[in-house]
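Have a look at the structure below, then the notes.
The values are calculated or read from the model by the stated rules, or taken from the named source; none is laboratory data. The shown structure was predicted, so the numbers you read here are calculated from the model rather than taken from an experiment. Here the Cβ positions follow ideal geometry from the backbone for every residue, glycine too, while neighbour counts run over all protein chains shown. Areas reflect the complete protein model, heavy atoms only, side chains present, ligands, DNA and RNA absent. Shrake-Rupley method; radii C 1.70, N 1.55, O 1.52, S 1.80 Å.
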Amino acid sequence: MSVSHIVRDDATLANRYLAGQLSEGERSALEAELTENRDVLRELEATARLKVGLEKLRERGELDALLQPAQT
């Protein structure tokens, strides 16, 4: 099974990679795929940007309000 297939099937792969939680084999396979597959690289970059944005919202105290259900 290719890493690009794993990326589509495992929504946690990018997060686990960014958190340093992959096994050596998973990390090596993903990094090899990143050099060959621009779509996988773009997905990883988007995940990293999302995590940074969420952290900024949390630091400013805005995240909890955004996560509340809309009041009608």
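Details
- Figure legend. Inter-residue proximity from segment 9-27: first residues farther than 13 Å from Val40 by Cα, second residues open to solvent by 70 Å² or more (accessible area, probe 1.4 Å), beta-carbon distance below 7 Å, spacing 6+ or different chains. Indicated pairs: Leu18/Lys51.
- Any hit, segment 8-30, residues being outside any helix (DSSP H, G or I), polar (S, T, N, Q) and open to solvent by 80 Å² or more (accessible area, probe 1.4 Å): yes
- Options Thr72, Thr35, Thr12, Thr47: the member that is at pLDDT 90 or above and polar (S, T, N, Q): Thr35
- Search result, residues across segment 57-72 that are loosely packed, with under 11 Cβ neighbours inside 10 Å and in a helix (DSSP H, G or I): Glu59, Asp64, Ala65, Leu66, Leu67
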